[in-house]
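Below is one structure, written out as structure tokens; the observations come after it.
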């Protein structure tokens, strides 16, 4: 006996099909549902309002204004003049210093970004295994360099170009060099020195986020993993710890990407502004040159837009990679 296929389940059961109903919602009904949800959660929106207003006024609007201004010629004295893509063509075709700054910035990001990210996670993983009191002390020790205000003076003494510099004195005492090396005035060394200092300062907010992530890790997952066949700490790290810490991993990645692309203060403090032959010049220092010294705001906005797109693209790539963690 063949069964007849029912085309309309609602006609048999007397109840409307949920999937069909949800798919047939009109735009008006969706808008009414959204208004109803917002009304029920109005207290939350009121609490968020001050931050969202400030964020929109001082973050979103400046970014949009910079994007629009990048297509204009504007010197802060005259009215902006629309010039189309001229600022961007000038950046990539006529500005050799920008190409040097872009190359240096990408080199910074490729070296300091992954290394500092991995180092922050590994140090947090090791410190988390210590007792609570020792953990608190070690966390302060590792985090302190990122908030120290006069940290650059220490490195200026270490890499001083005379015989009294710590590194030069040490190498001359060992007989490795015969005369002092101008570490911060020689384009052969200056970029490497700035990268080294950036790595030393990289244990910052992401390091604290990883520490917090380890502290909130559910211990029952580790016990369940041991029952399911996990036999060593590396398997535990890959299959339990990393998937459980994806929010902290993503936050740390965003912070490290922003920090690696926005290098400026370290380069200026150590190598000067501008550095010798622009050896330690970055996109941000190039932006500061045209935005705060030459006041070519349209051109500076084009530089800022390129930097913004670089950060957005890198963040999207990192998010895709982090989704594969633990799978």
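Taking 51 Å as R0, compute the FRET efficiency from the Cβ-Cβ separation of residue 273 and residue 28 and round it to 0.05.
In this case the efficiency is close to 0.30.
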How long are the semi-axes of the ellipsoid equivalent to region 90-323, from square roots of 5 times the Cα gyration tensor eigenvalues, in whole Å, largest first? 37, 26, 14
Structure-based [θ]222 nm, the chain - -39500 (n - 2.57) summed over DSSP H runs of at least 4, per residue, nearest 500: -20500 deg cm²/dmol
With a Förster distance of 30 angstrom and the Cβ-Cβ distance between residue 324 and residue 68, calculated FRET efficiency to the nearest 0.05 equals 0.20
Out of 257, 54, 195, a Gaussian network model of the chain with alpha-carbon springs under 10 Å gives the largest mean-square fluctuation to 54
Of the candidates 30, 219, 246, which one comes out as most mobile in a Gaussian network treatment of the chain with C-alpha springs shorter than 10 Å? 30
In nm, spacing of pseudo-spin labels at residue 186 and residue 56 (7 Å Cα→C-beta vector): 5.6 nm
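What is the Å³ per residue value for the convex hull set by the Cα atoms of region 245-306?
On the way: hull volume 6.1 nm³, N = 62.
Dividing the Cα hull volume of region 245-306 by its residues yields 99 Å³.
Using only the Cα atoms, what convex hull volume per residue in Å³ does region 58-197 have?
On the way: hull volume 31.7 nm³, N = 140.
Taking the convex hull of the Cα positions in region 58-197, it is 226 Å³ per residue.
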Quick one: check the C-alpha center-to-center distance for region 82-154 versus region 206-244, whole angstrom. 26 Å
Connecting C-alpha atoms closer than 10 Å in a GNM of the chain, tell me which of 196, 287, 93 has the biggest fluctuation. 93
What whole-number distance in Å separates the alpha-carbon centres of region 289-308 and region 269-285? 16 Å
How do 103, 28, 135 rank when sorted from fewest to most other Cβ atoms within 10 Å of their own Cβ? 28, 103, 135
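Full extension from residue 171 to residue 118: what is 0.36 nm times the residue separation minus their Cα-Cα distance, to one decimal in nm? Walk me through the numbers before you get to the answer.
Working: separation 53, 0.36 × 53 = 19.08 nm, distance 3.04 nm.
Residue separation times 0.36 nm, minus the Cα-Cα distance, leaves 16.0 nm.
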Model label zone, residue 315; criterion: amide N under 14 Å from point 7 Å along Cα-to-beta-carbon; scope region 262-282: 262
Want the number for residue 83 to residue 43: 0.36 nm per residue separation, take away the alpha-carbon distance, what's left? 9.8 nm
Could you calculate the contour length gain from residue 219 to residue 94, that is, 0.36 nm times the residue separation minus the distance between their Cα atoms, to one decimal place in nm? 39.2 nm
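Bear in mind that the values in this text are calculations on the coordinates, not laboratory data. Remember, it's a predicted structure, so these values are computed and weren't measured experimentally. Every residue, glycine among them, receives a Cβ derived from its backbone with ideal geometry; neighbour counts consider all protein chains shown.
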